[in-house]
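Chemist: Once you've had a glance at the structure underneath, I'll fire off some questions.
The values are calculated or read from the model by the stated rules, or taken from the named source; none is laboratory data. What you see is a predicted model; the values in this text were computed from it and never measured. Quick reminder, even Gly has a Cβ in these numbers, built from the backbone with ideal geometry, and neighbours come from all protein chains shown.
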Amino acid sequence: MISQKRMMGQYGTPQETVNHMVHTLLSYLPVSIERPKILDPSTGDGIFTLTLIAEGIEPGLLYAYDIDPTVSTPHSDVNFMTTDFLKADVYEEFDAIIGNPPYKSKRQSEYFLENNKFIKKQFGSIGVHNLYSLFIHKGIQALKPGGILTMIVQDSFLTNVFYKNFRHYLLTQTQIKEIALAPRRLFHKGKADVRTAILTLKKKEAGEDENESLMKLIDRLDNQFYETPLAKNVQYLNQKHFESLPGYNFAINVPFEILQHFQMPYQKFGDVIEGGTGISTGNDRHFLRKYEQIDNFKEWIPFYKNGGVNDGWYYAPKYFIHNDWQTLKEGHPNFTIRNSAFFYRKGITCSSMGVGFSAAYLPKNSLFGVNANFFPENEDDLFYFLGLLNSKLVTYMVRKVLNRTNMITSGYIKKLPYAAPSSINKEIVRAASRSLVKEKKLNPHFNTGPLQRTIDEAIYDIYGISKENQSHVEEFCQDILERI
Ligand SMILES: C[S@@+](CC[C@H](N)C(=O)[O-])C[C@H]1O[C@@H](n2cnc3c(N)ncnc32)[C@H](O)[C@@H]1O
């Protein structure tokens, strides 16, 4: 059963993480503020306020809020209030804000339903998708100009398209001091398997609108020894670079050599190749069959919808759709069709779910689902693009810059930067890619390693990636699940 605490989004932050956050917050507070007024807006058991007191902050300077009436003050001298922070009447009052707000999406929380009008009015301009981003937004309003906020939140705001306006708001209203990808499984003890990041920012002061400030970006930490991340995991980048990235995406510790390919305006994959999603049946159980369920293959067409990690280059169709689907769809209003001009053409079909990313040959006379599919003009181009999409560099760019989640749609892939290859490199990729499709068709367990290596090297060369950064990409691709 879900406990009351869990329903309200109460997952305790581990002490090591709290210590790190408190040190980070205090290190950015201007020394001129001798008696900082500090708020924890979602205090729970009060671990942040107690840690601040242990660090020498007077309890009387601390403010702690919680909506839950069963939560009580962590210390008798702390200014504690049972209140809804999102509705609290606080504006430019605090020198600092720290905490771990609730992470509840619109779908997971009744709070959104119950407070729909109010939320839209207060926070509508930056998009309302999750309680944590509303807490950061409200936190920035509650900070005095020049004040500092440190919060640990779900990391979906870094690249998810829903948070584009939120990222833009952060870039214009604040100086982002640090983003650290917190250790994986930080909250596993509480069974909350979420990836989190620690965000520290300073609210801009009047007239301070230059984004010349440096952001400290810390890659996924292995453990909770926050003080000593390896140098290769820390990057300092000027905030202004993020203004010209697609979707204002916050890429963390992506070498500038790679990031510069995304600086707008740049030539995108979507500018040089056509494609997109195809058929959404609205009811796959009804419309699709597996190989073993089919008696007469003359009546059924291969239907490609989402290859797995090992399905790169070529895989036998897993699903089929009846060749009379146009008639059979009548009376099924959820059956939707896009990009029918590409139906039955040979092309490339991409995976859409899972941490890895792969692309496979889409044979002629097939249909495709709501994953991404591309249709190059000729076969030579097809094999080049197939090689490009299956390269490690593209996996890295997709997962680390464009979208950190497990869902990849064609919209994200179309934003990949496209660099024109030399004819020699193009031929190398094409030949290797063609062999891989042929071999995997003959043997699904074919060892793709050596030819994959040939392709990767050519793609690194095309994008001008140094040896050092090639190793960085390879390390990431070896263990995406842990590093993402
Ligand atoms: C993720 S817990 C964090 C608890 C504690 N700060 C920690 O890190 O261990 C979030 C807390 O936010 C509180 N909360 C949820 N919605 C709130 C709201 N609208 N205003 C204030 N507190 C809220 C919950 O009751 C819960 O105690």
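Chemist: With a cut-off of at least 1 residues that are at pLDDT below 95 and in contact with a Ser or Thr (Cβ under 8 Å, 6 or more places away or on another chain), name the helices (runs of 4 or more DSSP H) lying wholly within the range 334-446.
Modeler: 410-413
Chemist: Would you mind finding the one in Glu114, Glu92 that is at positive phi and not small (Gly, Ala, Ser)?
Modeler: The conditions single out Glu92.
Chemist: Of the residues in the range 82-92, how many are more than 9 Å from the ligand (Cβ to nearest atom) and surrounded by 15 or more Cβ atoms within 10 Å (Cβ to Cβ)?
Modeler: Number of matching residues: 1.
Chemist: Residues of the range 265-302 being in contact with a Leu (Cβ under 7 Å, 6 or more places away or on another chain) and either among the aliphatic types (A, V, I, L, M) or without any contact (Cβ under 8 Å) to a residue 12 or more places away in the chain (or both), which ones?
Modeler: Ile279, Ile301 - these are the residues of the range 265-302 that are in contact with a Leu (Cβ under 7 Å, 6 or more places away or on another chain) and either among the aliphatic types (A, V, I, L, M) or without any contact (Cβ under 8 Å) to a residue 12 or more places away in the chain (or both).
Chemist: Based on this model, can you work out whether Asp95 counts as closer than 29 Å to Pro30 by Cα, touching a Pro at 6+ places or on another chain (Cβ under 6 Å) and more than 9 Å from the ligand (Cβ to nearest atom)?
Modeler: yes
Chemist: Collect the residues in the range 295-331 that are touching a Gly at 6+ places or on another chain (Cβ under 8 Å) and modelled with pLDDT under 95, keeping them in residue-number order.
Modeler: Lys305, Asn306, Gly308, Val309
Chemist: Condition first: touching a strand residue (DSSP E or B) at 6+ places or on another chain (Cβ under 8 Å), closer than 12 Å to His75 by Cα and in contact (Cβ under 8 Å) with a residue 12 or more places away in the chain. Can you find one or more residues in the range 22-35 that meet it?
Modeler: Looking through the range 22-35, none of the residues is touching a strand residue (DSSP E or B) at 6+ places or on another chain (Cβ under 8 Å), closer than 12 Å to His75 by Cα and in contact (Cβ under 8 Å) with a residue 12 or more places away in the chain.
Chemist: Give just the number: which of (1) surrounded by fewer than 17 Cβ atoms within 10 Å (Cβ to Cβ); (2) touching a Ser or Thr at 6+ places or on another chain (Cβ under 7 Å); (3) not basic (Lys, Arg) does Glu34 not satisfy?
Modeler: (2)
Chemist: If you don't mind, there's one more thing I want to ask. Within the range 268-321, restricting attention to residues that are crowded, with 19+ Cβ neighbours inside 10 Å and among the hydroxyl-bearing types (Ser, Thr, Tyr), which residue is nearest to the chain's Cα centre (by Cα)?
Modeler: Ranking the qualifying residues of the range 268-321, first place goes to Thr277.
Chemist: Right, Ser109: without any contact (Cβ under 8 Å) to a residue 40 or more places away in the chain and of a type in the set (Ser, Thr, Tyr) or not?
Modeler: Answer is no for this residue.
Chemist: Checking the condition in contact with a helix residue (DSSP H, G or I) (Cβ under 6 Å, 6 or more places away or on another chain), crowded, with 16+ Cβ neighbours inside 10 Å and either modelled with pLDDT under 95 or not β-branched (Val, Ile, Thr) (or both), which residue from Tyr111, Tyr103 passes?
Modeler: Criteria check complete, one pass: Tyr103.
Chemist: A further question follows. Does the range 139-159 contain any residue that is assigned by TED's automatic domain parsing to the domain that holds Tyr28, part of a loop (DSSP other than H, G, I, E, B), crowded, with 22+ Cβ neighbours inside 10 Å and not charged (D, E, K, R)?
Modeler: yes
Chemist: Working carefully through the options Tyr236, Tyr266, Tyr226, Tyr315, find the one that is part of a strand (DSSP E or B) and among the hydroxyl-bearing types (Ser, Thr, Tyr).
Modeler: On inspection, the qualifying residue turns out to be Tyr236.
Chemist: Just name the residue that is nearest to the ligand (Cβ to nearest atom) out of those in the range 52-73 that are more than 35 Å from the chain's Cα centre (by Cα) and at pLDDT below 95.
Modeler: Here the residue is Ser72.
Chemist: Would you confirm, using the coordinates I've provided, whether Leu39 is more than 12 Å from the ligand (Cβ to nearest atom) and either surrounded by fewer than 20 Cβ atoms within 10 Å (Cβ to Cβ) or modelled with pLDDT of 95 or more (or both)?
Modeler: It is false that Leu39 is more than 12 Å from the ligand (Cβ to nearest atom) and either surrounded by fewer than 20 Cβ atoms within 10 Å (Cβ to Cβ) or modelled with pLDDT of 95 or more (or both).
Chemist: Any residue that is polar (S, T, N, Q), farther than 14 Å from Lys202 by Cβ, touching a helix residue (DSSP H, G or I) at 6+ places or on another chain (Cβ under 8 Å) and assigned to a strand (DSSP E or B) - is there at least one of those in the range 122-132?
Modeler: Within the range 122-132, one or more residues are polar (S, T, N, Q), farther than 14 Å from Lys202 by Cβ, touching a helix residue (DSSP H, G or I) at 6+ places or on another chain (Cβ under 8 Å) and assigned to a strand (DSSP E or B).
Chemist: Let me ask you something else. So which residues in the range 311-334 are within 30 Å of Phe446 (Cβ to Cβ) and free of Cβ contacts under 8 Å to residues at least 40 places away in the same chain?
Modeler: Across the range 311-334, the qualifying residues are Lys318, Tyr319, Phe320.
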